[in-house]
Every structure is written in C-alpha cells, then in structure tokens.
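The values are calculated or read from the model by the stated rules, or taken from the named source; none is laboratory data. Everything quoted here is computed from the prediction, not taken from an experiment. Here the Cβ is made from the backbone with ideal geometry for all residues, glycine too, and neighbour counts use every protein chain on show. These area figures cover heavy atoms from the full protein model, side chains too; ligands, DNA and RNA do not enter into them. Shrake-Rupley method; radii C 1.70, N 1.55, O 1.52, S 1.80 Å.
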Amino acid sequence: MLHRRNPQLNANGELIHLLSIEGLPQAVLTQILDTASTFLSVNDREVKKVPLLRGKSVFNLFFENSTRTRTTFEIAAKRLSADVINLDIAKSSASKGESLLDTIANLSAMHADMFVVRHSESGAPHLIAQHCAPHVHVVNAGDGRHAHPTQGLLDMYTIRHFKRDFTQLSVAVVGDIVHSRVARSDIHGLSILGVPDIRAVGPKTLVPSDLREMGVRVCHDMAEGIRGADVIIMLRLQNERMSGALLPSASEFYKSYGLTPHKLALASPDAIVMHPGPINRGVEIDSTVADGRQSVILPQVTFGIAVRMAVMSTIAGNAA
C-alpha cells in the first residue's frame with residue numbers, strides 16, 4: 001500500500017511548508033525549537049538582523065484581520081533581512097470576485113518566495129501550497145478552526161523553556177476548545193513531543209468529544225482539570241460566541257472556568273500560566289493571575305518572533 005507523503009515535507013523529510021503541526025515528525029519540531037533558541041539573542045543586538053533571507057520576498061496574505069500575528073511575522077521576516085510585502089487581501093482581490101488561486105497565480109508572477117497566509121476558511125493554506133510554484137513556501141498563520149501552527153510552536157517553545165522535559169508534564173488546555181485553532185495545534189504539538197498527560201477543560205458545549213481518541217483527558221470540572229497541572233494554557237473566549245446558545249454568559253463562564261488565584265492554587269506550585277492573547281481579563285483569567293509570578297504570557301510574545309524566524313529560515317533553506 002502506498003503512503004501519501006506529507007505535503008509539508010520534501011522527499012528528504014525536510015520542512016518546505018508549515019501548514020499544520022499534525023503529522024510532523026518529532027525531529028522537525030525539535031529542529032525548529034532548537035533554531036529558535038539561536039535567534040533569541042538577535043533581539044538583544046544593537047542591529048537586530050541576520051542575513052538568512054536577504055534577497056527573498058515574503059508576502060503576508062491576510063484574508064482575515066490579525067494585527068498582532070501579522071506584525072510578529074513582519075518583524076521576524078525583516079530580522080531575517082527579507083523584503084516584506086503586506087497585502088490587505090480582504091479589501092482588494094476578494095472583494096472584486098477574484099478567486100484565491102487567481103490571486104496566488106498573480107502574486108507568484110511577482111517572484112514571491114514565501115506566502116504567510118491567514119484565512120477564515122479551514123484548508124486555504126493547504127490549497128495554496130498545492131497550487132503555488134515549486135520554489136514558493138507557504139506558512140499557515142491561522143486557518144478557520146483548523147490550525148495555527150506557529151502559535152502552537154511558540155507555545156511548545158515556552159513550555160520547553162520553563163519546564164525543559166515534555167515527557168514528565170501534565171498540561172491543561174482550558175476554555176473554548178471547539179472553536180480554537182490554537183488548541184488543536186497545541187494538542188498535536190504536546191502529543192508529538194511526548195507529553196503523557198494532556199487535559200482538555202471546559203463546558204460540554206465548547207470541548208469536542210473526539211479529543212478522547214487522541215489520548216486527551218476531557219474534564220468538564222475546572223478543579224479536576226487543573227489539579228496538579230504543570231502547565232495551564234488558557235484560551236481566548238471569542239466575544240461573538242458569548243451571546244450564542246453555547247454559553248449562558250461571560251460572567252457564568254468566568255465563575256466556572258476563569259482562572260483565579262484560588263483555582264490556580266490547585267495546580268502544581270510551580271505551574272506556569274499561558275495565554276495566546278489578546279486576554280479578556282475577568283473572563284478567561286483574573287488580572288492577578290495574568291500579571292502574577294506564574295504567568296509567562298509576555299515571554300510567549302517575545303518567543304513568538306524567534307519561533308517565526310526559525311520557521312521561515314528553516315523552510316526557506318529546503319528545496320521542494
């Protein structure tokens with residue numbers, strides 16, 4: 001029986017696109033995390049640049065708004081000495097009725113070397129990777145409810161930085177998991193890197209039932225879900241979903257699943273608290289916790305630039 005090669009890898013098993021963490025070998029994830037470590041020191045230099053992508057053109061294609069993610073990708077690409085082109089696709093080609101693949105074909109003709117793609121439709125970056133020129137690399141910056149692999153990788157980097165060994169950890173992912181592409185990427189990353197105890201914590205309406213098949217422990221009680229945890233990843237509650245049938249109210253959610261000092265005391269004494277941002281204070285997390293000694297939310301942002309530099313330099317160095 002023939003096995004289909006992972007479209008993210010070339011024939012040598014090297015990364016040429018980053019579309020999803022799912023299905024990647026542990027060695028590829030470790031290579032990115034190790035490479036990111038070497039880039040952290042660039043942030044401290046007077047001249048914050050290395051020449052690895054000099055002469056390369058990186059196109060930020062954001063069909064869905066996200067100032068924070070686009071900014072970190074732009075900073076990362078510029079620190080690698082790439083030429084960066086930001087295109088507000090949502091207001092241009094899409095509104096004129098131009099298809100996604102027409103847009104990609106036109107941009108490829110402008111000698112693009114890399115597309116960083118954010119799209120509201122799951123699978124859009126995969127489609128682009130299938131149809132772009134062989135020398136063009138694609139990075140998924142978030143697609144629908146499917147994946148957000150660079151956020152997942154920076155979360156893995158953060159955990160490794162503070163906890164060192166994945167194989168001894170209990171990690172709780174808390175909140176709106178069903179709509180969260182970050183949660184999916186985190187769970188795949190944790191699983192590939194050997195975390196033995198992964199917990200998904202939230203109300204029944206916001207936790208997918210199929211997680212158990214991935215070896216994830218599903219908990220609908222917050223105390224049970226975070227008791228003894230070494231890492232707590234709080235997810236952003238989407239405002240647009242608070243008024244729907246999935247949740248009674250933001251205040252009810254906070255009462256049951258918001259991370260307060262009292263609840264945090266149930267976790268391991270040296271547990272770290274993470275959040276992909278932006279934070280809804282008093283909804284997912286109490287300000288005392290978000291700003292407290294166990295919070296690593298700001299280091300996550302710093303690590304994000306180094307991890308995105310690592311991803312772009314890694315895939316740019318590999319031929320299709």
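For the stretch 13-22, the set of residues classified as in contact (Cβ under 8 Å) with a residue 24 or more places away in the chain and part of a loop (DSSP other than H, G, I, E, B) consists of GLU14, ILE16, HIS17, LEU19, SER20, ILE21, GLU22, listed by residue number.
Could you list, in sequence order, the residues of the stretch 180-203 that are assigned to a loop (DSSP other than H, G, I, E, B) and under 22 Å from VAL301 (Cβ atoms)? Once the filter is applied, which keeps residues that are assigned to a loop (DSSP other than H, G, I, E, B) and under 22 Å from VAL301 (Cβ atoms), the stretch 180-203 yields SER180, LEU193. Residues in the stretch 166-179 that are closer than 17 Å to HIS220 by Cα and of a type outside the set (D, E, K, R): SER170, VAL171, ALA172, VAL173, VAL174, GLY175, ILE177, VAL178, HIS179.
Applying the set (1) assigned to a strand (DSSP E or B); (2) loosely packed, with under 13 Cβ neighbours inside 10 Å to ASP210 leaves exactly one unmet item: (1). Only a single item in (1) modelled with pLDDT of 85 or more; (2) among the polar types (S, T, N, Q); (3) open to solvent by less than 20 Å² (accessible area, probe 1.4 Å) is not met by SER93, and it is number (1).
Please tell me if THR35 is buried (at least 20 other Cβ atoms within 10 Å of the Cβ), assigned to a helix (DSSP H, G or I) and not aliphatic (A, V, I, L, M).
On the way: buried (at least 20 other Cβ atoms within 10 Å of the Cβ): no; assigned to a helix (DSSP H, G or I): yes; not aliphatic (A, V, I, L, M): yes.
Judged against the criteria, THR35 is not a match.
Residues considered: ALA172, ALA133, ALA124. Of these, the only one that is more than 12 Å from the chain's Cα centre (by Cα) and closer than 14 Å to ASP230 by Cβ is ALA172.
Inside the stretch 130-165, residues that are open to solvent by 20 Å² or more (accessible area, probe 1.4 Å) and in contact with a Leu (Cβ under 7 Å, 6 or more places away or on another chain) make up a count of 3.
Anything in the stretch 40-68 that is part of a loop (DSSP other than H, G, I, E, B), polar (S, T, N, Q) and more than 22 Å from ASN106 (Cα to Cα)? List them, or say none. Spell out the reasoning first.
As a first pass, look at the stretch 40-68 and keep what is part of a loop (DSSP other than H, G, I, E, B): 45-56, 63-66.
Okay, now just the ones that are also polar (S, T, N, Q), so 65-66.
Across the stretch 40-68, the qualifying residue is only SER66.
Determine if the stretch 110-119 includes at least one residue that is part of a loop (DSSP other than H, G, I, E, B), within 20 Å of ILE16 (Cβ to Cβ), modelled with pLDDT of 85 or more and among the β-branched types (Val, Ile, Thr). Checking the stretch 110-119: not a single residue is part of a loop (DSSP other than H, G, I, E, B), within 20 Å of ILE16 (Cβ to Cβ), modelled with pLDDT of 85 or more and among the β-branched types (Val, Ile, Thr).
Per the conditions (1) farther than 30 Å from PHE162 by Cβ; (2) of a type in the set (S, T, N, Q); (3) in contact with a strand residue (DSSP E or B) (Cβ under 9 Å, 6 or more places away or on another chain); (4) surrounded by fewer than 17 Cβ atoms within 10 Å (Cβ to Cβ), the sole criterion not satisfied by SER66 is (1). Candidates in the stretch 278-313 are the residues that are among the hydroxyl-bearing types (Ser, Thr, Tyr) and open to solvent by less than 40 Å² (accessible area, probe 1.4 Å); of these, the one that is farthest from ILE233 (Cα to Cα) is SER313. In the stretch 194-207, the qualifying residues are those that are surrounded by fewer than 19 Cβ atoms within 10 Å (Cβ to Cβ) and over 16 Å from GLY228 (Cβ atoms), and the one that is nearest to the chain's Cα centre (by Cα) is GLY194.
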